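Visitor: Before anything else, here's the structure in question.
The values are calculated or read from the model by the stated rules, or taken from the named source; none is laboratory data. Fair warning: this is a prediction, and the values are worked out from it, not measured in the lab. Reconstructed Cβ throughout: ideal geometry from the backbone, glycine too, with neighbour counts over all protein chains shown.
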Amino acid sequence: MTDTDLDRSYSALSQALTEVGQERAQLLLSMVCLALIARQDTASEVLPLIERARLQLAADIAQQHRAVPPR
């Protein structure tokens with residue numbers, strides 16, 4: 001995917017999230033993810049992507065906890 005395609009796709013997703021609103025954003029993301037997952041031939045293509053995203057979020061959470069000063 002080119003940078004232009006990536007930008008167009010991200011912009012379309014951002015616009016769609018705005019249109020459906022915060023209450024339905026999680027549902028929209030789930031629907032998009034399931035549609036993209038279904039395009040893959042095997043779970044072995046998908047599972048590493050899920051794990052990478054999970055690890056990135058876990059690292060972000062850990063970093064936020066370290067950044068919060070103790071009371």
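Visitor: Say whether the condition of being of a type in the set (Lys, Arg), modelled with pLDDT of 95 or more, at negative phi and surrounded by 10 or more Cβ atoms within 10 Å (Cβ to Cβ) is met by at least one residue in region 23-46.
Guide: Taking region 23-46 first, the residues of a type in the set (Lys, Arg) are 24, 39.
Remaining after also requiring modelled with pLDDT of 95 or more: 24, 39.
From what's left, at negative phi: 24, 39.
From what's left, surrounded by 10 or more Cβ atoms within 10 Å (Cβ to Cβ): 24.
Yes: region 23-46 contains one or more residues that are of a type in the set (Lys, Arg), modelled with pLDDT of 95 or more, at negative phi and surrounded by 10 or more Cβ atoms within 10 Å (Cβ to Cβ).
Visitor: List the residue pairs whose Cβ atoms are under 7 Å apart, where the first residue sits in region 44-71 and is part of a helix (DSSP H, G or I), the second is surrounded by 10 or more Cβ atoms within 10 Å (Cβ to Cβ) and at pLDDT 85 or above, and the two are 6 or more positions apart or on different chains.
Guide: VAL46/ILE37; VAL46/GLN40
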